[in-house]
Amino acid sequence: MRPIPEPDYLGPLPPAAPSPDPSPALTSAPSHAPLTSALCPAAPSPAAAAPRQGPWCSVAYWEHRTRVGRLFAVREAALSIFYDLPQGSGLCLGQLGPGAAARSEAVRRTRAKIGLGIVLSREPDGVWAYNRAEHPIFVASPTLRPPAVRKVPPGYSLKVFDFQRAPPPPRAHDGPSDPRSVRISFAKGWGPSYSRQVITACPCWLEVLLHGHR
């Protein structure tokens, strides 16, 4: 049985076309072409496959307040992020950081839920996240309207960064916050509707730092 759409942002979306609704579109992943080749570095569309001089984003993996592993630069149009090998090419979170004995019980339980994880895909209209895990992911982005944490059920996708709504580059006196970063938590939500008020209270989460777009 397919998940029941929520009327404010769920709905069908034609492949590789901007959503007609001004709100961000959350769509069933099997209907979107890139997910069928999610574990391959191949681009989902010719526009996304255009060669680039440098990475279009970098990904950091966090456990609570601690960054685990190096900053991962992404140059391919699509990146799979999963827990354990073999799940194809991509970023394997199970290979990062200390052994299980050095982690809290909350982190160990959440890491076990990552499974097939997500696919990040740079497409002509923005950056999409496809949830391939068996548990929901939670997303916060400066281009989501309204600006709230969004829950993405298993098998669904969400445009996590809309190029048309991208905020301007930060000014020198704006502080260290990055207005082009996307945060994705595995299995655990945060914010006013949850017991965890901030992202650093979540056991396992990603920070996606975007490096600009054309």
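The values are calculated or read from the model by the stated rules, or taken from the named source; none is laboratory data. Everything numeric here is computed off the predicted structure, so don't read it as measured data. Ideal geometry is used to build each Cβ from the backbone, glycine not excepted, and the neighbour counts take in all protein chains shown.
Going through ARG145, ARG108 one at a time, which residue ends up being over 17 Å from CYS202 (Cα atoms) and surrounded by fewer than 20 Cβ atoms within 10 Å (Cβ to Cβ)?
ARG145
How many residues are closer than 21 Å to VAL127 by Cβ and touching a residue at least 40 places away in the same chain (Cβ under 8 Å) if we restrict to region 88-108?
4
Read through the list (1) modelled with pLDDT under 90; (2) not in a loop (DSSP other than H, G, I, E, B), then give the number of the only condition that PRO146 fails.
(2)
Out of the residues in region 170-214 that are outside any loop (DSSP other than H, G, I, E, B) and either at positive phi or of a type in the set (S, T, N, Q) (or both), state the one that is modelled with the lowest pLDDT.
Of everything passing the filter in region 170-214, SER181 is modelled with the lowest pLDDT.
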